[in-house]
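In what follows, a structure is listed as structure tokens, so that the remarks can point back to it.
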Amino acid sequence: MNLRELELFGTLMRVGTTIETARVLRMSQPSVSGHLKRLEARIGFSLFHRFGNRLEPTAEAQQLFAEAAPIYATHTKIRGRLSELSVNATRPIAISATPAVVEGYLAKLLQKAGYSNWQKRLHLRVTEPEIDVRSGWADVGFQMAVPPKAEFHTEEVLRVSLHAVFKRRSPLEAKRSICLAELTNLPLVCYNPGFSPMGVAIREAFEAQNLPYDPSCIVPFTSTVCHLVEMCGGVGIIDELTVSRLRSPDLASRPLVDAPTLGLMAFYRRNEPLRAAVHDLLSALKTSSTSNPKEPVLDKV
């Protein structure tokens, strides 16, 4: 007997008629009778004696029903759990991301992933994604250059290039692109390697070419880099997403041609299954990234 036949048999045992069984299971009465006849023919003995509209269970049916009692109890428990799971499945997704990711990437793709006009709800924290995911506050984190970690499952959703940002009328403005070596004698404003994975990636890019790396100012966020360069001068190294939203008329940027691209990573707790809604969001974001590749970021003029 498969599970559907067990359900039909158990319902017949409890309600006693094919008409009521059909109503409970949302089937037609002839369909219930047909299923029962085929089942009895296959197992080789009768499960019920028919008395008018009622069915009297045989001794074999009574024994089978008793044996199947744990299955029916589990089925009842599962049906009760479905409502609880439904509530959990529809609660808002919690995301944690860095400011550059939210403003330069996530907001646009959330619109394409079904969040336009907030038809879906979202909980967003713009702080420290690793801490938020590790603590369980966030279902998924988004951050650039996150290194592999045993506690997280990590997926790359986008490759992002690095750019130099500086005040206008700098000699760098005459160039179409810049090499890291051209920045070594200039005051650098960069991310803190002790705080930011992206800061580590920038430092390692200099070290890979045996270039000195000694920033004049280290900061935690991209927006801080741009603000300090605008106010105090020097050269900042920022990601392509931040370049795409530069609005200051006093700043210019150029791509760093010999700096490695960085991965924009989505990560979540390893060995903890994601809710269906989170899977759907990640799939939508990756599909949008693939089907709508970023246009190259040109000079900021």
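None of the figures in this text is laboratory data; all of them are computed from the coordinates on show. Model, not experiment: these values are computed from the prediction.
Descriptive notes on the structure:
- Choice from Ile202, Ile237, Ile19 showing the highest fluctuation, given a GNM over the chain with Cα pairs closer than 10 Å: Ile19
- Fluctuation leader among Leu183, Leu25, Leu110 - the chain, Gaussian network, Cα springs under 10 angstrom: Leu25
- With the gyration tensor restricted to C-alpha atoms of the range 176-242, the semi-axes of the equivalent ellipsoid amount to 17, 14, 11 Å, longest first.
- Rounded to whole Å, sorted largest first: equivalent-ellipsoid semi-axes of the range 128-284, Cα gyration tensor: 32, 16, 14
- Under 18 Å, Cα to Cα: Lys pairs in the chain, sequence gap 8 or more or different chains: 10
- Mean ellipticity per residue at 222 nm, deg cm²/dmol - from DSSP H runs of n ≥ 4 across the chain, formula -39500 (n - 2.57): -12000 deg cm²/dmol
- Tilt relative to the chain, helix 69-90 - C-alpha long axis, 0 to 90 degrees, to 10: 30
- Where the Cα pairs of the range 18-120 fall when distances are cut into 5 Å bins, in %: 2, 9, 10, 13, 12, 8, 6, 6, 6, 6, 7, 7, 4, 3, 1
- Gyration tensor (alpha-carbon) shape descriptor, the chain, a/c threshold 1.5: prolate
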